[in-house]
Structures are given as structure tokens and as C-alpha cells.
Amino acid sequence: MIPKRRFDFSDVYLYVITSPPPPRPGRFYLETVAEACAGGADAVQLRDKTLAARDLVHLCRELQSLCDKTGALFILNDRVDVALAADVDGVHVGQDDLPVRAVRSMVGHRKLIGCSTHSIAQALTAAGDGADYVSCGPVFATPTKPDYAPVGLDRVKEYKKLLRVPFVAIGGIDESNVDQVLLSGAERVAVVRAVSGADSIEGAARTFKEKISRFRDARRHASPGD
């Protein structure tokens with residue numbers, strides 16, 4: 001079995017989040033996560049607010065097992081109780097969910113905690129309260145977060161300059177604009193529809209991973225004066 005990235009978000013670069021489910025969410029999620037991992041996803045997040053807790057626990061255990069086979073992290077959105085019951089790698093909360101400090105007191109230091117943030121003030125607060133990583137977004141307009149105005153590429157630059165914890169850029173990112181996001185300083189990208197909604201989930205994930213890897217290699221080989 002491939003070693004896990006547990007308790008460490010530093011080598012996560014492609015973060016895939018599931019799209020809203022069709023009528024048969026269980027099978028859909030299993031196929032989505034398996035293909036995303038095959039395409040190189042370093043972390044996968046399940047986002048589903050419709051399943052009953054019992055069904056969600058069962059599904060999370062199956063998805064965790066899939067991720068264990070590739071070494072990818074498996075993160076559950078919002079449901080701290082289910083994350084504990086299913087013993088997944090981590091949990092991701094938003095600004096309207098349980099505070100990071102409360103989540104940390106519940107899960108201890110054996111699980112990763114991520115937090116959605118939209119400003120540097122929120123990001124610094126989340127990091128100070130114990131978040132292992134934060135998200136920065138939505139960078140561009142997205143139907144996934146229709147109530148949030150895009151924060152833009154300048155916000156990505158701000159996060160890069162001021163944050164000491166890892167952050168992922170998220171929101172409206174696809175193949176047409178991911179280069180702009182990476183050029184703005186993001187090292188990690190989170191995508192929803194651009195991978196989970198693609199005709200070939202594995203192929204889309206592989207394309208994103210290759211783009212991110214090329215930018216990382218270019219940065220690594222650039223001289224300090226470049």
C-alpha cells in the first residue's frame with residue numbers, strides 16, 4: 001500500500017472536490033474518486049449535504065479505502081461527526097460551519113482541518129486557530145458559490161505573500177485560466193466541475209496535475225533574480 005500523507009498537507013497540489021450528486025450518489029462518488037486519484041489527485045473532498053449520516057459514514061469508509069490505495073488524502077466537507085465516525089483523513093469547514101478552534105478540540109491532532117476563507121483576515125484567523133490549510137476563493141465567478149463575489153487574482157497574490165500555512169486557490173478554475181492562477185503565486189489548486197464534471201475525470205485530473213507540475217518545476221529551476 002502506498003504511504004499516506006496523513007497529518008501533512010505540504011505535498012498536496014491537485015485537490016479535487018466532488019460535484020453535486022445525481023440520483024445514485026454512492027456509485028457516482030466511488031467512480032469519481034477512483035478516476036480522480038488515477039489522474040493524480042493528491043486530495044479529494046466529498047461535498048454532499050443530502051445523504052443521511054448512516055449512509056454518509058458507509059460511503060466515506062469506502063472512499064477512504066479508495067484514497068488509501070493511491071496515497072491521496074480524503075477530506076469530508078462540514079460533517080465533523082461523520083469524519084470521526086468514518087475515521088477519514090480530515091474535515092473541511094466553511095465560515096458558517098463550526099469554528100476551526102472547536103473542530104480542533106473535537107478531532108485532536110490526528111486529522112487534518114481545512115477552512116474556506118475569502119479574505120486574508122479570515123485566513124490568518126483560521127491558521128491561528130489550528131487549520132492545517134485554507135482555501136482562497138472564489139477566485140473567479142462560479143455556480144458552486146453563487147452568493148460569493150470573486151476575490152480575484154490579487155487575493156491569491158496576497159495569500160502567497162502573507163500566509164505561512166498552505167492554501168489552495170478555488171472557484172471557477174478550469175483549463176482556460178489555471179495558468180493565471182499559478183502565475184499569481186498559487187502552488188495548490190482545488191477544482192470542482194472542471195474535473196468532477198468532465199467527460200473523462202481521469203484525463204481532466206491528469207491535465208491539471210501536469211500543468212501544476214510544470215509550474216512547480218519552472219519555479220524550482222528559476223534563479224533567485226528571475
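The values are calculated or read from the model by the stated rules, or taken from the named source; none is laboratory data. Predicted model, so just to flag it, every value in this text is computed and none were measured. Heads up, the Cβs are rebuilt from the backbone with ideal geometry, glycines too, and the neighbour counts pull from every protein chain shown.
What to note about this one:
- Matching residues, the stretch 63-87, being in a loop (DSSP other than H, G, I, E, B) and more than 19 Å from THR50 (Cα to Cα): GLY71, ALA72, ASP87
- Criterion violated by ALA38 - all others in (1) of a type outside the set (D, E, K, R); (2) modelled with pLDDT of 95 or more; (3) crowded, with 18+ Cβ neighbours inside 10 Å satisfied: (3)
- Qualifying residues in the stretch 65-81 (those that are surrounded by fewer than 23 Cβ atoms within 10 Å (Cβ to Cβ) and β-branched (Val, Ile, Thr)) - the one nearest to ILE113 (Cα to Cα): VAL80
- Selection status of ALA36, of a type outside the set (Ser, Thr, Tyr), in contact (Cβ under 8 Å) with a residue 60 or more places away in the chain, closer than 22 Å to ALA198 by Cα and not in a loop (DSSP other than H, G, I, E, B): yes
- In the stretch 104-143, the residue that is surrounded by the fewest Cβ atoms within 10 Å (Cβ to Cβ) out of those that are among the aliphatic types (A, V, I, L, M), within 27 Å of ARG193 (Cβ to Cβ) and modelled with pLDDT of 95 or more is ILE120.
- Criterion applied to LEU84, LEU124 was being under 23 Å from GLU187 (Cβ atoms) and either hydrophobic (A, V, I, L, M, F, W, C) or in contact with a helix residue (DSSP H, G or I) (Cβ under 7 Å, 6 or more places away or on another chain) (or both), and the one residue passing it is LEU124.
- Each residue in the stretch 95-106 was checked for being outside any helix (DSSP H, G or I), without any contact (Cβ under 8 Å) to a residue 24 or more places away in the chain and not charged (D, E, K, R), and 1 pass.
Residues are listed down the side, and each one gets a yes or a no for (1) in contact with a helix residue (DSSP H, G or I) (Cβ under 7 Å, 6 or more places away or on another chain); (2) exposed (fewer than 13 other Cβ atoms within 10 Å of the Cβ); (3) without any contact (Cβ under 8 Å) to a residue 60 or more places away in the chain:
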| residue | (1), (2), (3) |
| --- | --- |
| LYS145 | no, no, yes |
| LYS157 | no, no, yes |
| VAL189 | yes, no, no |
| ALA194 | yes, no, yes |
| GLY203 | no, no, no |
| ARG206 | no, no, no |
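- A Cβ distance below 6 Å, combined with a sequence gap of six or more or placement on separate chains, defines the contacts here; from the stretch 71-94, residues that are of a type in the set (Phe, Trp, Tyr) reach residues that are assigned to a loop (DSSP other than H, G, I, E, B) in the pairs PHE74/VAL88; PHE74/ASP89.
- Tabulated pairs, the stretch 48-68, first under 14 Å from VAL33 (Cα atoms), second hydroxyl-bearing (Ser, Thr, Tyr) and part of a helix (DSSP H, G or I), C-beta under 9 angstrom, 6+ apart or interchain: ASP48/TYR29; LEU59/TYR29; GLU62/TYR29; LEU63/TYR29
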